[in-house]
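Q: The structure is given below, and queries will be raised subsequently.
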Amino acid sequence: MKNQEIAEIFTRMADILEFKGENAFKVNAYRKAARVLTDLTADIEDLYNNKQLGEIPGIGQALQGKIEDYLLHNRISQYDALLNDIPKELFSLLSIPNFGPRTAALAYQKLGVQTLADLEKVIQNGDLVKLPGMGEKKVDKIHRGLELIKVSQTRISIAVAQSIIDQVISWLGEKAGTQITRITAAGSARRGKETVHGIDILAETPDGAAVLQLFTQMPNVTEITGAGDTKASVILENRYQVDLRAIPAASYGAALQYFTGSQAHNIKLRGIARDRGLKINEYGIFNEHGKIGGEQEEDIYRLLGMPWIEPELREDRGEIEAALQNRLPHLVTLDDIKADLHIHSTYSDGQLSVAEMAETIRSLGYQYMAFCDHSRSAFYANGLDENRLLQQLEEIRRLNERYSDFAILAGTETDILPDGSLDFPDHILKKLDFVIASIHSAFETDPTGRTIAAMKNPYVDVIGHPTGRLISRREGFALDIDRVIAVAAETGTALEINSYWDRLDLSDLHVKRAIEQGVKICINTDSHQAAHLTMMEFGVATARRGWAECKDIINTLPLEQFRARQKRNR
DNA sequence: GCCGTTTTCGGCCCGACTGTTTTCAGTCG
């Protein structure tokens, strides 16, 4: 799939055009095209071969030509041309907070700033501050932005974001008391994205000034970067930025809608509003006579002629069209999940015994679970050989006798070996209730072929963390996800959403592609200790972002139906 | 550069905040 490669070039072309002062709408057209390509579930090469490029929204004649250029020649000539007469490190420069394209152009033209080091130098020697429109404060902000990108990445994992959100909301709830009537996270955290860019919290209050002031006085605030009538921004000790917006009740719904985004979703909604003679902003929805709604988020959608849209869908990936036609998916929820089917114990590298883990999971309200400890090749994780696996199986069988309202399945997370075979022979797998197969080593060695070989084994129920990516640390291995999805559709093998915050693998877009092909998904936590179990919420959020319904997720099945499915597939 | 049941030209989402300015440009979301 070259979708992402082309999207990245379009994004860079947008950056360059913006730097060069091109028409902002033209710049926007490139950015939109990049986003559409990123979100596309189909392979751009297939669309090209079928002469369907023109059907992609936001891709007109000119961009079709550029896509064709890339597919045929592996380069886009207009892009190569644009690379002339720009700073060497333009893209790094533009990633600096408070240093945008206009300022970059000014610094390049007047001072020859080409690199981050050049910028540092003209800040230090006082040249930058002398430029028109510059001043001490502006330069100071740019300097701090420059320091910031040296030490931290700008995106926060959903797990960290959620923990910060919980802390802020609980602190404010305690201190502000009844001054705050509603409070919630907005932005990409509310949309359940795997990483979050800035944390945005909305508080409904009749006294915004007091609440905002309180917010800036939180004990872990190290810097206040903004404080107006409606919004305050702070940097916390852990270097993360949190914004709080104080909203009166009459516009809380409109503000929640507005600040939840995504930007692309909102732009499309505004276009629809405009076509209908309406206007939407963070204060409400208006016709020519004045405000007609905005207290509740539903108002906005209702007055545009559509049902309320779940936040996880708001990416302009077809959800607005679906809403207008009243065919939105009924997304799976955390409550629908009946089992956690990828759990480790002290038999391999887990922290709790089989009995302790089972009891903890039962107390969370699940109907059943599966132990899937590592197999012997995962020696670093104390993987089980056949004897220890059978020993664990016996212990699980005995433990099950304690429960009438809960079932423990005996399983394994067997390694997929470099030759595509599994760590246990079929006659052992056959004894188990549930089998996950995962790649943990030799990432370079034909991951696609090995995964497909594993799926063709009738005892393999699920492929664990299929792409092997670690969000903060490594790209997934070179897996041809579309081939894997196609084979999974044939074999009936489910693909995992591993809910661990740094995996979230499959990703939301992969989930969408899989379920479009009729492939089933299994959402697991891969917990090694009790604290990991709550990460199920991130996996469910990822599934929801992939438009998954209950019927797409095998661990929403009640135990008897789940067992019947297992039987059919073997 | 894209797009079209008012348009193949003339629109394109909208506002807060900041810092610079003396009415506005740049950045951000």
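Q: When you scan the range A:24-46, how many residues do you find that are among the aromatic types (Phe, Trp, Tyr) and more than 8 Å from DNA strand B (Cβ to nearest atom)?
A: Adding up the residues that qualify gives 0.
Q: Only one of A:GLN257, A:GLN241, A:GLN179 is outside the structural domain of A:THR542 (by TED's automatic domain parsing) and either among the hydroxyl-bearing types (Ser, Thr, Tyr) or over 28 Å from A:ARG314 (Cα atoms) (or both); which?
A: Matching residue, one of A:GLN257, A:GLN241, A:GLN179: A:GLN179.
Q: In the range A:47-66, is there at least one residue being part of a helix (DSSP H, G or I), more than 10 Å from DNA strand B (Cβ to nearest atom) and closer than 14 Å to A:ALA7 by Cα?
A: no
Q: Mind checking which residues of the range A:192-220 are surrounded by 16 or more Cβ atoms within 10 Å (Cβ to Cβ) and either in the same structural domain as A:MET535 (by TED's automatic domain parsing) or assigned to a loop (DSSP other than H, G, I, E, B) (or both)?
A: Result: A:GLY192, A:LYS193, A:GLU194, A:GLY198, A:THR205, A:MET218.
Q: Looking at the structure I just gave you, is A:LEU116 modelled with pLDDT of 90 or more and within 14 Å of DNA strand B (Cβ to nearest atom)? Walk me through it before giving the result.
A: Values: modelled with pLDDT of 90 or more: yes; within 14 Å of DNA strand B (Cβ to nearest atom): no.
So A:LEU116 fails the test.
Q: Can you list the helices (runs of 4 or more DSSP H) lying wholly within the range A:387-493 that have 2 or more residues being within 32 Å of the chain's Cα centre (by Cα) and either outside the structural domain of A:VAL196 (by TED's automatic domain parsing) or aromatic (Phe, Trp, Tyr) (or both)?
A: So the answer is A:447-456, A:481-491.
Q: Right, next: Of the residues that sit in the range A:102-113 and are under 33 Å from the mean Cα position of the chain (by Cα) and crowded, with 19+ Cβ neighbours inside 10 Å, which one is farthest from DNA strand B (Cβ to nearest atom)?
A: Applying the filter and picking the extreme gives A:ALA104.
Q: Need a quick list: helices (runs of 4 or more DSSP H) entirely within the range A:81-186 having at least 2 residues that are in contact with a strand residue (DSSP E or B) (Cβ under 9 Å, 6 or more places away or on another chain).
A: Output list reads A:136-151, A:158-176.
The values are calculated or read from the model by the stated rules, or taken from the named source; none is laboratory data. The structure displayed is predicted, hence computed values, not measured ones. Glycine gets a Cβ as well: all are built from the backbone with ideal geometry, and neighbour counts include every protein chain shown.
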